[in-house]
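Quick notes on the structure that follows.
The values are calculated or read from the model by the stated rules, or taken from the named source; none is laboratory data. What you are looking at is a predicted structure, and each value in this text was computed from that prediction instead of being measured. Glycine gets a Cβ as well: all are built from the backbone with ideal geometry, and neighbour counts include every protein chain shown. In case anyone asks, the SASA skips ligands and DNA or RNA and just uses the protein heavy atoms, side chains included. Shrake-Rupley method; radii C 1.70, N 1.55, O 1.52, S 1.80 Å.
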Amino acid sequence: MGVRFYLPEVDGLRFFAFLLVFIHHFRVSENVFFKYLHEFGWVGVDLFFLLSAFLLTYLLRREYSEKNNINIRFFFIRRVLRIWPLYFIYIYHT
């Protein structure tokens with residue numbers, strides 16, 4: 001798994017999910033379009049979960065097809081190293 005994994009097609013879905021959640025967490029104006037989108041914030045959360053499940057499954061299947069084995073320990077270490085720095089920055093600044 002030396003080659004970096006990136007699917008640019010997912011970026012559009014990720015942005016759409018973010019936008020729905022973002023609009024849902026703010027007071028909406030009298031604009032009918034934003035009032036309508038405000039009701040569908042849950043779709044953004046579900047889309048985030050769907051994308052996460054897809055990407056994690058894809059990475060696990062890719063590792064298995066390349067090595068005929070999955071090293072769960074290193075898989076979780078990679079996930080932790082990817083997520084924790086942002087988590088600690090957020091905690092430090094709040």
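Between E30, E63, E39, where does the largest GNM mean-square fluctuation fall for the chain, given springs only between Cα atoms within less than 10 Å? Answer for the Gaussian network model of the chain: E30.
With the simple model of a label 7 Å out from the Cα in the direction of the Cβ, E39 to I89 spans 3.7 nm.
At full extension, F18 and S52 could sit 10.9 nm farther apart than now, given 0.36 nm per residue minus the alpha carbon distance.
Taking every Cα-Cα distance in the chain and sorting them into 5 Å bins starting at zero, the pair-distance distribution P(r) comes out as 3, 11, 15, 16, 17, 15, 10, 7, 4, 2, 1, 0 percent. Which of the three applies to segment 35-88, rounded, prolate or oblate, going by the alpha-carbon gyration tensor with a ≥ b ≥ c and a/c under 1.5 meaning rounded? In terms of gyration-tensor shape, oblate. Only helices enter the 222 nm calculation for the chain: every DSSP H run of n ≥ 4 contributes -39,500 (n - 2.57), and dividing by all residues gives -25500 deg cm²/dmol, rounded to 500. Surface composition of the chain: carbon plus sulfur atoms hold 69% of the accessible area, using a 1.4 angstrom probe and ignoring ligands, DNA and RNA. Extents of segment 1-50, taken as max minus min of Cα coordinates on every principal axis and listed largest first, are 50, 16, 13 Å.
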